[in-house]
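Q: My questions will all concern the structure given below.
Each value in this text was obtained by applying a stated rule to the coordinates, not by laboratory testing. Because the structure is a prediction, the values reported are computed rather than measured. Quick reminder, even Gly has a Cβ in these numbers, built from the backbone with ideal geometry, and neighbours come from all protein chains shown.
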């Protein structure tokens, strides 16, 4: 197949024996762009050119996206200036993609003919526009969206870059991990239409851009406006449209009175949106830029609220059995080719699981790789039994596997969840497995038979984390509905539903101290009374999302891992910080502690697994 490289061609695909394009008559045909990129689909087109899905022949036909830009300028000097500015913009896009996992990486840029091209990483997944057509977003999903995307925007704005074109079709939910990826930055479009004298930007989408941007001025608050409009369209499923004369019709906006009507639509649809979220969205979409949020951090503060009042601890005096105040890095395991999401200690191994679809066994004595199991899904979490004899894994293929160590094959494949598996926990007696999923459910399984015993439905959002008390009586869960829930393991009865200040990404429990620990978007670790659900204390010290928590077997020591690239060791009785472990170059997504071996393990986005020895 040959591709017509005329940007105005309406049907660029031609047979290999064609000398002229059958659609436009151009002789500018070729099988590849730049003798490397083979196009096989047009993803979109507009006034600036086309976007293609392609394969990179230099990288084993890896998928990629090619964005073609046609400079909207005249004259040699103007074209040269546009090409120079395009190169500078490409460098900025490269820097963004290399330093943030939720922005596509820039693979290459080049000129061909009079056109300019960017080659970017292909992100598998659906856009939020596709999700909008399926069903409206509720409050939980909107809060998840904002908490996921606002830090990306903060990173972009700190680089003095404005996206300029935020809308549902420019946000992709990545298939591999569910993260939202921000695509199609407007800067490259800007430079291809900029003359030497022009200074503003005409890059925007009607129905999403604020007034100042349509008048040629964009600022960080302009992006926050567009993100707010994106949210109200996802809630109401109402999109702007234009008639054949170019007149705009927007069911959510009263142009005569400069007023948004989204609350009226929400009321008619019977959708429940809290006053707190409503106020945040209203401020994001204020007409005048001065009345809007100016910084991402201000939105996050109002979105997640202030932290609950700290209450002094009332723990009974307890002797700490092990001093974890001094820990040193003793080894770094390398071998995973993608981020590592989960780890657990076995009898003789440390076991890690990553988005590279592998489960790796690291021999603690020799500190060498001792075996690898393959998973089908590229989102893998694991759990081991306390005796080290059972390994369970869950992945994005929605199944759970219980493995036989002797054969390296699954003993059971457990099916029942309708979305990817977020967490696994095994009871202290090794008889039951607890799983949680993005399908909002928790399931309890019999490990001897593979039978599903109970399905616990109480969360109104993704269930990110579960833990089982050391006495085997309680399940603790946390999720995107900002609740920590306590369940009776034997019956599946819900005993407590505790409202936290933000999304709960991690939980653990100490039976010895009757304490639940939870962490998440609030950057603090909350300690709750197991029986009453009362907030007992907050542990402050992390500057990022608390992604993972683990408690020692005697229930006295807590280890936490965070997006701030540190792990911290805490004395649960006093709440004192004992140690901060540094060295990771990405978010720490999983931690575990083995008091028998006096060892702490950490892992995360930098693909390494680290062992810390307690002194």
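Q: For the chain, calculate the relative contact order in percent as a whole number, restricting contacts to Cα pairs under 8 Å that are 6 or more residues apart.
A: 8 percent
Q: Length gain on complete extension for the stretch residue 23 to residue 98, per 0.36 nm per residue less the alpha carbon to alpha carbon distance?
A: 23.1 nm
Q: Could you line up 211, 60, 373 from fewest to most neighbouring Cβ atoms inside 10 Å?
A: In order of increasing Cβ crowding within 10 Å: 60, 211, 373.
Q: Another question, if that's okay. In square nanometres, what is the average projected area of the Cα convex hull of the stretch 125-304?
A: One quarter of the hull surface, i.e. the mean projection, equals 11.4 nm².
Q: Now, a different point. By how many degrees, between 0 and 90 and to the nearest 10, does the Cα long axis of helix 220-236 differ from the longest principal axis of the chain?
A: 80 degrees
Q: Using the count of nearby Cβ atoms within 10 Å as a rough guide to exposure, how do 414, 129, 329 rank from fewest to most?
A: Fewest to most other Cβ atoms nearby, the residues stand as 329, 129, 414.
Q: Give me the one-decimal nm value for the distance between modelled label points at residue 370 and residue 35, 7 Å along each residue's Cα-to-Cβ direction.
A: Inter-label distance under the simple model: 5.2 nm.
Q: Using Cβ counts within 10 Å as a stand-in for footprinting exposure, how do 133, 208 rank, fewest first?
A: Neighbour counts put them in this order, fewest first: 133, 208.
Q: Sticking with the crude label model, points 7 Å out along Cα→Cβ, report the distance from residue 282 to residue 348 in nm, one decimal please.
A: 6.5 nm
Q: Go through 335-343, 280-288 and give me the packing order, highest mean Cβ count within 10 Å leading.
A: 335-343, 280-288
Q: Report, in deg cm²/dmol and to the nearest 500, the calculated mean residue ellipticity at 222 nm for the chain, where each DSSP H run with n ≥ 4 adds -39500 (n - 2.57) and the sum is divided by the residue count.
A: -5500 deg cm²/dmol
Q: Sorted by mean Cβ packing within 10 Å, highest first, what order do the peptides 549-556, 297-304, 254-261 take?
A: The peptides rank, most packed first, as 549-556, 297-304, 254-261.
Q: Relative to the longest principal axis of the C-alpha atoms of the chain, give the angle of the C-alpha long axis of helix 76-99, reported between 0 and 90° and rounded to the nearest 10°.
A: In the chain, helix 76-99 runs at an angle near 10 degrees to the longest axis.
Q: Once both axes come from the Cα atoms, what is the angle between helix 139-158 and the longest principal axis of the chain, in degrees from 0 to 90, rounded to 10?
A: Here the helix axis deviates by roughly 70 degrees.
Q: Of the listed peptides 466-479, 110-123, 521-534, what is their order by residue-averaged count of other C-beta atoms within 10 Å, with the highest listed first?
A: 466-479, 521-534, 110-123
Q: Beyond 34 Å, what percent of the Cα pairs of the chain remain?
A: Distances greater than 34 Å cover 48 percent of the Cα pairs.
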